[in-house]
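The values are calculated or read from the model by the stated rules, or taken from the named source; none is laboratory data. Remember, predicted model here, so these are calculated numbers, not experimental data. So basically every Cβ, Gly included, is an ideal-geometry build from the backbone, and we count neighbours across all protein chains shown.
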Amino acid sequence: MGDYESSAPGRITVYSIQGCPHCTQAKATLGRLGMPVCDVDLGSHSELRAKVKELTGRSTVPQIFFNNVHVGGNDDLQKLSPEELQRLVSLVKEEPLPADAPPLPEQSQSEHTALENEGEFMCERDELADLVEDLKHASMIGSHRRGLTLYKKSFSGSQLVDWLQTEKGMAAELSLLLREMILKLFSEHLSADGKSVDYKGMSANPAFERYCELAIQLQRVELLSLSREEKLAFFINIYNALVIHGYLRLGAPTNMWQRYRFFNYVSYLIGGEVFTLQDIENGILRGNRKGVAQLRRPFSKTDPRLQVALPDAEPLIHFALNCGAKGCPPIKTYTPQDIDSQLRTAAEAFLENDDACVIDSVKKEVRLSQIFKWYKVDFGGTDEKLLGWVLDHMGDSPKKTSLQGILSAGKTKVSFLPYDWSSNSTH
């Protein structure tokens with residue numbers, strides 16, 4: 001990050017989330033401008049999501065402002081002409097921050113000063129910070145021996161799980177913790193352009209060993225007592241963490257056969273039962289429906305895992321298990337408290353992307369992601385019901401208005417966009 005003139009009266013504000021490749025690329029570009037940049041993590045500051053959406057009209061991150069001028073996402077930033085970029089830099093350099101500048105999280109004055117003096121991106125309070133505060137006062141913390149080494153002020157994975165089980169309602173917190181841990185690892189090994197991940201370096205990181213030790217504790221989770229909301233949050237977080245863990249162990253799949261093996265083989269032992277990625281997605285989250293290229297349902301009638309499955313498919317999970325290609329939803333870890341609104345936000349963010357949904361008013365055609373073709377049954381089963389579902393889940397935008405226009409005009413053609421399977425590994 002280049003040094004910036006701290007005397008600049010304005011600032012660049014970027015709203016982002018951890019582990020988002022588009023955010024990483026945007027921040028690398030902004031860092032080269034030599035200007036004060038404030039990075040606000042919407043993953044940790046959910047209270048600002050509604051305000052950012054109101055200011056930008058979008059549900060995706062990153063969202064970038066020069067003073068109070070909204071540039072847009074990473075794509076918009078990269079497309080700026082050198083002249084336009086220079087004009088925006090001059091604005092920040094010369095103009096003080098206006099009263100209607102985009103909002104920052106509530107912070108004490110001393111925190112602000114400390115952050116501004118660092119001269120780099122500001123860091124925000126992590127959403128696990130409260131859990132860590134509670135942990136500091138837990139009675140289990142003491143000295144533990146592993147091999148010949150004595151670790152002070154530490155605890156074992158099984159002790160942590162016991163503590164979570166008695167103090168915190170366990171499953172959702174553990175899934176949040178695991179997802180945050182692997183996401184932090186992922187972020188640390190993401191290239192500056194956001195296009196590749198050094199999985200080799202990531203698996204050699206000591207933090208990955210700690211992650212694996214904690215993942216083993218999933219076998220002790222009690223699944224039957226979870227509510228629908230807890231199940232959704234738990235299994236979405238675990239699925240997303242397991243995909244990265246699978247990439248680290250086996251490498252990213254590169255062809256159809258490898259993908260089939262990956263999703264049917266990569267698994268965790270949870271609550272005494274084995275769950276593959278396929279089991280989690282189609283068995284649990286889709287209410288035990290056949291997946292793509294599956295001949296039968298994941299769980300038979302006598303399978304104990306069937307008791308854990310949701311009673312019906314939740315179509316919104318498809319957007320929490322995927323990241324749109326030009327922008328991510330402002331959520332990376334899911335919590336039971338407001339899971340349904342988080343999932344609606346993820347769907348809205350997905351549909352904003354032109355590589356997920358394109359409306360052609362001239363041809364009266366709607367081009368959608370292959371996800372809608374593969375799982376059409378989850379969205380009503382017919383083109384008409386699918387289009388109704390898409391319309392209901394779009395944010396207010398010119399795109400939504402175009403779709404309303406062609407739907408009210410009568411016959412609408414539905415086609416599906418090619419799916420980009422390309423891997424993001426540097427190895």
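Among (1) free of Cβ contacts under 8 Å to residues at least 24 places away in the same chain; (2) part of a loop (DSSP other than H, G, I, E, B), where does L306 come up short?
For L306, the exception is condition (2).
Go through N264, N282 for me and flag whichever is among the polar types (S, T, N, Q) and either in the same structural domain as Y375 (by TED's automatic domain parsing) or under 21 Å from the mean Cα position of the chain (by Cα) (or both).
Checking each option against the conditions leaves just N282.
Tell me which helices (runs of 4 or more DSSP H) are completely within segment 1-109 and hold 3 or more residues being under 26 Å from D198 (Cβ atoms) and at pLDDT 90 or above, or say none if there are none.
Result: 21-31, 74-79.
Is at least one residue of segment 177-193 outside any helix (DSSP H, G or I) and loosely packed, with under 14 Cβ neighbours inside 10 Å?
For segment 177-193, residues outside any helix (DSSP H, G or I) and loosely packed, with under 14 Cβ neighbours inside 10 Å: present.
What number of residues within segment 225-245 satisfy the criterion of being in a helix (DSSP H, G or I) and over 17 Å from the mean Cα position of the chain (by Cα)?
Residues meeting the conditions: 4.
Can you tell me which residue within segment 361-386, out of those that are of a type in the set (A, V, I, L, M) and at pLDDT below 95, is nearest to L417 (Cα to Cα)?
I371
Would you please name the residue that is modelled with the lowest pLDDT, looking only at residues in segment 325-342 that are surrounded by fewer than 22 Cβ atoms within 10 Å (Cβ to Cβ) and over 18 Å from S44 (Cβ atoms)?
That would be A325.
Say whether the condition of being closer than 24 Å to S397 by Cα, touching a strand residue (DSSP E or B) at 6+ places or on another chain (Cβ under 7 Å) and in a loop (DSSP other than H, G, I, E, B) is met by at least one residue in segment 329-349.
Scanning segment 329-349, I find at least one residue that is closer than 24 Å to S397 by Cα, touching a strand residue (DSSP E or B) at 6+ places or on another chain (Cβ under 7 Å) and in a loop (DSSP other than H, G, I, E, B), so the answer is yes.
Considering only segment 304-322, I want to know if a residue exists there that is hydrophobic (A, V, I, L, M, F, W, C), closer than 23 Å to M256 by Cβ, within 12 Å of the chain's Cα centre (by Cα) and surrounded by fewer than 21 Cβ atoms within 10 Å (Cβ to Cβ).
yes
Please indicate, with yes or no, whether at least one residue in segment 184-200 is at pLDDT below 90, among the basic types (K, R) and over 19 Å from P21 (Cα atoms).
There is no residue in segment 184-200 that is at pLDDT below 90, among the basic types (K, R) and over 19 Å from P21 (Cα atoms).
What are the residues in segment 267-279 that are touching a residue at least 24 places away in the same chain (Cβ under 8 Å) and either in the same structural domain as C20 (by TED's automatic domain parsing) or part of a helix (DSSP H, G or I) (or both), if any?
L277, D279
Being farther than 21 Å from I317 by Cα and either in contact with a His (Cβ under 6 Å, 6 or more places away or on another chain) or crowded, with 18+ Cβ neighbours inside 10 Å (or both) is the filter here, so list the residues in segment 343-375 that pass it.
Scanning segment 343-375 gives I359, V366.
Can you give me the number of residues within segment 269-282 that are crowded, with 23+ Cβ neighbours inside 10 Å and either in contact with a strand residue (DSSP E or B) (Cβ under 7 Å, 6 or more places away or on another chain) or among the β-branched types (V, I, T) (or both)?
Total meeting the criteria: 3.
Does F235 fit the bill of being touching a helix residue (DSSP H, G or I) at 6+ places or on another chain (Cβ under 9 Å), buried (at least 20 other Cβ atoms within 10 Å of the Cβ) and under 17 Å from D378 (Cβ atoms)?
yes
Taking the stated definitions as given, is L391 within 30 Å of R249 (Cβ to Cβ), at pLDDT 95 or above and either under 21 Å from the mean Cα position of the chain (by Cα) or surrounded by fewer than 18 Cβ atoms within 10 Å (Cβ to Cβ) (or both)?
no
Mind checking which residues of segment 41-65 are within 13 Å of A349 (Cα to Cα) and among the polar types (S, T, N, Q)?
Across segment 41-65, the qualifying residues are T56, S59, T60, Q63.
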